[in-house]
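*Asks:* Okay, here's the structure, questions in a sec.
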Amino acid sequence: MRVALGVGGGIAAYKAAEVARLLVQRGVQVRVIMTSSAQEFVRPLTFAALTGQKVITSLFPEGGAEGTLSSAVEHIGVALENDLLLVAPATADLMAKFAHGLADDFLSTMYLAFPGPTVLAPAMNTGMWQHPATQANLATLRGRGITIVDPESGFLACGMVGPGRLAEPESIVDAVLRKLSVRRDLEGETVLITAGPTQEPIDPVRYISNRSSGKMGYALAEAAVARGAKVVLVSGPVSLNPPVGALLVPVRTAAEMRDAVFQHLAEATIIIKAAAVADFQVVRVAEQKIKKTAARVSLELDPTPDILLELGRRKEDRLLIGFAAETQNLKSEARRKLEAKGADMIVGNLVGEGAGFEADENEVVLVMRTGEVREVPRASKRKVADAIFDEALTLRLALYASG
């Protein structure tokens, strides 16, 4: 999930750093937008370090930099790429701008362009909070369906005691997660996921591999982190950033992937083999680059380790899920692999036609050890990942019930 965090100008701005930290800890990607006043209380570098993302501090390019079309419409791009807008602290000034549609900086301009849910956590002096103008603006915003995390009562920075203190960061984060309908049904689980291709060397510059991008495995890792699991992501070479909160174990070859998987097997409760492991490895890897000649070159190949098969024999009470990328006979091939490998579920997908390898969407069939088959229609790989976990948890209950 992606959240845009707007930080208003007030002493409570320092608490927004803790809000950002807690969201990241729960697997949410956070993009921070600071008003100019907020930067008088907290420096942008604080949020950049906590989120790993560029902090937006101005509507226009800074330092005399030349504007571009991209910079001119950045507020539109940020609005469309995030799932929720959170403003904490939301000052009286910001709420007045939002209520009346005023847009004179990045945050207020982005609010008008934002199509998704908005959560505001107000913080201000008691008199400002209780003023009729502020209360009228709050009523307007609530009437639009905006979620308000009411401030708490207590000792304020101005010396007064009363309502206006920013709600506790945990309460704000809980409100965000509820609005995003984020489930925490994988808390206590350790999910071991393999992703991406492997590269089996031929010589120092060449290798055998496949077209796997790793996107499905990384989507599974992102979903598992968001749902509360501890995640170990064993990944072949890909051009993707691992989800915040997942332990990344980078590998290159099938043998390295096997070793990494069994190194972390003891702690795993759910294993998902989403990697596209190369089927063959070169028997004798050349120490020097093989020179191109007119003569035909033959390579002697051996099968790579069958990690899924070995896991099927050693999984004990762990839930084991494998993948089958096919070009035909999808259901029958998925069933065959389920039985041959000793898995509890096989996720079968037809590659090509805009789904599967290198694509952002997937369309899969889930074949279970209980005999059930469920088809998941084409959707983003993140949505498919959540569907896989939904079915996996149901499957495990059914397997436990049957003994």
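The values are calculated or read from the model by the stated rules, or taken from the named source; none is laboratory data. Keep in mind that what you see is a predicted model, and the values were worked out from it rather than measured. Reconstructed Cβ throughout: ideal geometry from the backbone, glycine too, with neighbour counts over all protein chains shown.
*Asks:* For ALA387, only one of the following conditions fails: (1) assigned to a loop (DSSP other than H, G, I, E, B); (2) closer than 21 Å to ALA268 by Cα; (3) without any contact (Cβ under 8 Å) to a residue 24 or more places away in the chain. What is its number?
*Replies:* Of everything listed in (1) assigned to a loop (DSSP other than H, G, I, E, B); (2) closer than 21 Å to ALA268 by Cα; (3) without any contact (Cβ under 8 Å) to a residue 24 or more places away in the chain, ALA387 misses just condition (1).
*Asks:* Okay, moving on. Go through segment 38-65 residue by residue and tally those that are over 12 Å from LEU107 (Cα atoms), at pLDDT 90 or above and of a type outside the set (Val, Ile, Thr).
*Replies:* 13
*Asks:* Let me ask another. What strands (runs of 3 or more DSSP E), lying completely within segment 119-220, carry at least 2 residues that are free of Cβ contacts under 8 Å to residues at least 12 places away in the same chain? First the steps, then the outcome.
*Replies:* Working: elements: 152-155, 161-165, 190-195.
Ranges flagged: 152-155.
*Asks:* Of everything in segment 1-50 that's among the β-branched types (Val, Ile, Thr), buried (at least 19 other Cβ atoms within 10 Å of the Cβ) and within 22 Å of LEU177 (Cβ to Cβ), which residue is nearest to the chain's Cα centre (by Cα)?
*Replies:* Among them, the one singled out is VAL28.
*Asks:* Being buried (at least 17 other Cβ atoms within 10 Å of the Cβ) and either more than 38 Å from the chain's Cα centre (by Cα) or in a loop (DSSP other than H, G, I, E, B) (or both) narrows it down to one residue among ALA295, ALA278; which is it? Spell out the reasoning first.
*Replies:* On the way: ALA295 fails: buried (at least 17 other Cβ atoms within 10 Å of the Cβ).
Of the residues listed, the single one that is buried (at least 17 other Cβ atoms within 10 Å of the Cβ) and either more than 38 Å from the chain's Cα centre (by Cα) or in a loop (DSSP other than H, G, I, E, B) (or both) is ALA278.
*Asks:* Could you tell me whether SER239 is part of a loop (DSSP other than H, G, I, E, B), in contact with a Ser or Thr (Cβ under 9 Å, 6 or more places away or on another chain) and surrounded by fewer than 16 Cβ atoms within 10 Å (Cβ to Cβ)? Break it down into steps so the answer makes sense when it comes.
*Replies:* Working: part of a loop (DSSP other than H, G, I, E, B): yes; in contact with a Ser or Thr (Cβ under 9 Å, 6 or more places away or on another chain): yes; surrounded by fewer than 16 Cβ atoms within 10 Å (Cβ to Cβ): yes.
Yes: the conditions hold for SER239.
*Asks:* Then there is this: Using the structure shown, decide if GLY348 is in a strand (DSSP E or B), without any contact (Cβ under 8 Å) to a residue 60 or more places away in the chain and surrounded by 12 or more Cβ atoms within 10 Å (Cβ to Cβ). Let's see the steps before the verdict.
*Replies:* On the way: in a strand (DSSP E or B): yes; without any contact (Cβ under 8 Å) to a residue 60 or more places away in the chain: yes; surrounded by 12 or more Cβ atoms within 10 Å (Cβ to Cβ): yes.
Yes, satisfied.
*Asks:* While we're looking at this one, here's another question. I want to confirm something. Restricting to segment 357-403 and keeping residues that are more than 24 Å from the chain's Cα centre (by Cα) and hydroxyl-bearing (Ser, Thr, Tyr), which single residue is modelled with the highest pLDDT?
*Replies:* THR370
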